[in-house]
Amino acid sequence: MLFGKKKEIEEPQVPRMSGRDYDRFMGRVYKMVGCHRDSDAIYMLMDEYDYLQTPTKELEALFEHVEQWGRSRTLLCLGRLIIYRLDREKHHGRVLIYIERCQNISPRFALPELSRVTFYARQAIDGGKLEVAKNLVVEHETRYGELVGSGECDRLLQLIEPDIDVTSFRI
């Protein structure tokens with residue numbers, strides 16, 4: 001009996017809604033997103049999807065679903081969460097995919113961990129995704145302040161566009 005209780009504690013149960021309840025729930029989230037009440041929508045989603053326990057694949061499926069509704073801050077927040085999780089799982093190639101998808105919504109999309117900006121900019125350059133890399137590091141001083149290495153961002157910008165004057169982005 002104790003073994004059963006211990007196993008129950010170790011394996012958290014993810015609550016599952018029936019199809020009809022899920023549709024109603026997503027309908028309420030959709031209304032929040034449609035009314036630009038993205039904070040409320042995110043709160044509802046994070047209440048239902050425990051970001052520590054929910055498998056990343058399930059969060060990615062949620063991103064796909066919400067993406068059908070169009071551009072929103074809710075979608076960007078989900079993207080940040082997925083990027084954070086994929087980065088922790090060391091799935092760097094998939095992280096780049098989500099960075100690019102989020103940049104398609106907002107080109108100045110900020111990563112969840114600013115310490116990873118130059119790492120992913122280098123990964124994007126190596127993968128031939130120069131626009132993704134540029135969007136990560138351009139205007140770095142106004143976007144990130146001292147939180148991201150200024151010299152490294154300037155070097156990456158020079159790699160991306162050798163003719164660019166990096167001082168033109170400074171205040």
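Read the figures in this text as sums done on the coordinates, not as results from a lab. Just so you know, these numbers come straight off a predicted model, no measurement behind them. Neighbour counts are summed over all protein chains in view; Cβ atoms, including those assigned to glycine, are modelled from backbone coordinates with ideal geometry.
Computed values, structure above
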{"read-out": "Leu81 closer than 17 Å to Glu58 by Cβ and part of a helix (DSSP H, G or I)", "value": "yes"}
{"read-out": "In segment 116-138, the residues that are under 17 Å from Pro162 (Cβ atoms) and touching a helix residue (DSSP H, G or I) at 6+ places or on another chain (Cβ under 6 Å)", "value": "Ala121, Ala124, Ile125, Leu130, Ala133, Lys134, Val137"}
{"read-out": "Pairs where the first residue, in segment 124-135, is more than 16 Å from Cys153 (Cβ to Cβ) and the second is not aliphatic (A, V, I, L, M), C-beta under 7 Å, 6+ apart", "value": "Lys129/Glu100"}
